[in-house]
Amino acid sequence: MNIILASASPRRRELMRMITDDFTAVSVDVDETVPENIDVHMVSMNLAELKAKTAAENYPDDIIIGCDTTVICDDKILGKPKDKDECRKFMQMLSGRTHKVATGCCILYKNQVKSFTVITQVTFRSLSDSEIESYISTSEPYDKAGGYGIQGKGSLLIEKINGDYFNVVGLPVSELNQQLKNFIKEI
């Protein structure tokens, strides 16, 4: 029985190596349209489950880990910005405020499923227009939820965090490690 990480994210793959080197990462193609009337705090777990179940179709005898990260501000999900204008709006919305980063994880093996969400609070400094323009002119924000990368130049925008740093990067390493150990004991 192998461990399959259902993620194309190079950051998640790197963080997963903190837990184990004995895994295979695979990309899964899922429709990430959020169902109507779902609580914004449940979206990441819902998508993590969808990714894990999709990967399990091709790896039915393996342990599957699906993950998804959402950035939540004012009960709105800030996805990956599609262009500079949207990224600028995200930065203006986050400037001087605290928001939540939720990473949902799903561990799946055959008919056993364990899902959970880890939430970290992130506070941005008050950003000047020139700081925003400088950051959105880099290539960094456009493949990241919320339009920033805490592990890169986005770290310069952040005043403080409350919770798991790695969760903001995209994988709650400590919690996933504990949950995975317990899951394996039970199967």
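The values are calculated or read from the model by the stated rules, or taken from the named source; none is laboratory data. Everything quoted here is computed from the prediction, not taken from an experiment. In case anyone asks, the SASA skips ligands and DNA or RNA and just uses the protein heavy atoms, side chains included. Shrake-Rupley method; radii C 1.70, N 1.55, O 1.52, S 1.80 Å.
Descriptive notes on the structure:
- Kirkwood Rh in Å, taken over all unlike Cα pairs in region 131-176: 11.4 Å
- For the residue pairs LYS82/LYS160; LYS76/LYS181; LYS76/LYS144; LYS82/LYS144, the C-alpha atoms sit more than 22 angstrom apart in LYS82/LYS160; LYS76/LYS181.
- The shape of region 71-110 can be summarised by an equivalent ellipsoid whose semi-axes, obtained from the alpha carbon gyration tensor, come to 27, 14, 6 Å from longest to shortest.
- Calculated [θ] (222 nm, deg cm²/dmol) that DSSP helices of n ≥ 4 give over the chain, each run adding -39,500 (n - 2.57): -10000 deg cm²/dmol
- In the context of the full set of protein chains, the chain has a per residue accessible area of 51 Å² (1.4 Å probe).
- Every Cα-Cα pair in the chain was counted, and those over 26 Å apart are 31% of them.
- Volume of the convex hull of region 7-53 (Cα atoms only), normalised per residue: 90 Å³.
- In degrees, nearest ten, helix 43-56 long axis to first principal axis of the chain (Cα): 40 degrees
- Remark on region 111-187: Rg and Dmax equal 16.3, 54 Å (Cα only).
- In degrees, nearest ten, helix 10-19 long axis to first principal axis of the chain (Cα): 50 degrees
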